[in-house]
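Working notes, structure below.
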Amino acid sequence: MAVGIFDSGLGGLTVLDAVAKRLPDVPLVYLGDSAHAPYGVRTPDDIYNLTTSATQRLFDEGCDLVILACNTASAAALRRMQENWVPQGKRVLGVFVPMIEALTERQWGDNSPPREVAAKHVALFATPATVASRAFQRELAFRAVGVDVEAQACGGVVDAIEDGDMILADALVRSHVDALMRKMPQPDAAILGCTHYPLMETEFQAALGPDVKVFSQANLVAESLADYLARRPEMVGPGLESAFLTTGDPVKVSARATQFLRRQITFTAA
Ligand code: DGL
């Protein structure tokens, strides 16, 4: 019984960590496509092709359910995968739904008319491809009225994190927050719409100031997965072993992952 967790690189480890804490008995197979990161500057077709082949790899590993712990893949590829590609008996879920549910204070399947929610000025930080997809704004508009969303494409942050250059990542976070706040001086909520960004959550919060509520996905996704598996226990696939797979250099990727999660993580080649 294993669940697959996919990201373009290391960012999905923030989700894996929260899921491992919430569901300690479920083996998790993580696949980071570090050889092709960042996805956020790629075309939707490219993101679709890379995401389907990584997801297939996780199916082959004994996972029937794969979480795309990557907003870029969730925004640019998930709907097309669900409509045309996911094989019978398998499921692929993204990371958008739990975030939208938290922000709009209602369940995904609630089809009542959009209504007012607490957050009025929302800052969205995400990759260029996620921002360009406008997927977040579209899903929000179905459910909430009167919410002003200002999106900031945070070029370079994923590359800096993948390279382990946290000084550069910090400088880029500050400059992206500055740019956002020139467009929206007083956001009341900020969404870290890329699973790499929780690794910089302290820096985002410091740059935004204490009055901005920062929504980060990891715990929301873990809670939503626990709820899903309670309803669909058969979706835990036949795999028995946890594993960390990478398309990048396993030695480098293991060192960064160990640094980020503060426990020994050993990747092997995908
Ligand atoms: N962690 C991915 C996300 O959530 C990063 C995408 C990228 O590789 O640019 O969007």
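Would a scan of the stretch 174-186 turn up a residue that is closer than 17 Å to residue 72 by Cβ and open to solvent by less than 40 Å² (accessible area, probe 1.4 Å)? Even if it seems obvious, please write down each step before you answer.
Step one: list which residues in the stretch 174-186 are closer than 17 Å to residue 72 by Cβ, which gives 176.
Imposing the further condition that a residue be open to solvent by less than 40 Å² (accessible area, probe 1.4 Å) reduces the set to 176.
Yes: one or more hits.
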Among the residues of the stretch 208-235, which ones are over 19 Å from the mean Cα position of the chain (by Cα), of a type in the set (A, V, I, L, M) and open to solvent by 30 Å² or more (accessible area, probe 1.4 Å)? 230
Pair list, Cβ < 7 Å and 6+ apart or interchain, from the stretch 153-172 residues that are over 18 Å from residue 14 (Cβ atoms) to residues that are part of a helix (DSSP H, G or I): 153/128; 153/131; 155/128; 156/172; 168/160
Starting from the stretch 21-45, keep only residues that are acidic (Asp, Glu), then list their pairs with residues that are open to solvent by less than 20 Å² (accessible area, probe 1.4 Å) and more than 13 Å from the ligand (Cβ to nearest atom) whose Cβ atoms are within a distance under 8 Å, requiring at least 6 positions of separation or different chains. 33/246
Pairs, please: C-beta under 8 Å, at least 6 apart or cross-chain, first residue surrounded by 10 or more Cβ atoms within 10 Å (Cβ to Cβ) and in the stretch 105-116, second β-branched (Val, Ile, Thr) and in a loop (DSSP other than H, G, I, E, B)? 105/117
Out of everything in the stretch 17-43 that is within 13 Å of the ligand (Cβ to nearest atom) and not in a loop (DSSP other than H, G, I, E, B), what residue ends up being nearest to residue 236 (Cα to Cα)? 30
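Does residue 15 fit the bill of being within 18 Å of residue 254 (Cα to Cα) and modelled with pLDDT of 95 or more? If you could, list the steps in order and put the result at the bottom.
Values: within 18 Å of residue 254 (Cα to Cα): yes; modelled with pLDDT of 95 or more: yes.
Yes.
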Yes or no: residue 69 under 13 Å from the mean Cα position of the chain (by Cα), free of Cβ contacts under 8 Å to residues at least 60 places away in the same chain and surrounded by 24 or more Cβ atoms within 10 Å (Cβ to Cβ)? no
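The values are calculated or read from the model by the stated rules, or taken from the named source; none is laboratory data. Here the structure is a predicted model, which is why all the values come from computation and not from measurement. Because the Cβ atoms are built from the backbone with ideal geometry, glycine has one as well, and the counts that use them run over all protein chains shown. Please note that ligands, DNA and RNA were not included when accessible areas were found on the heavy atoms of the full protein model with its side chains. Shrake-Rupley method; radii C 1.70, N 1.55, O 1.52, S 1.80 Å.
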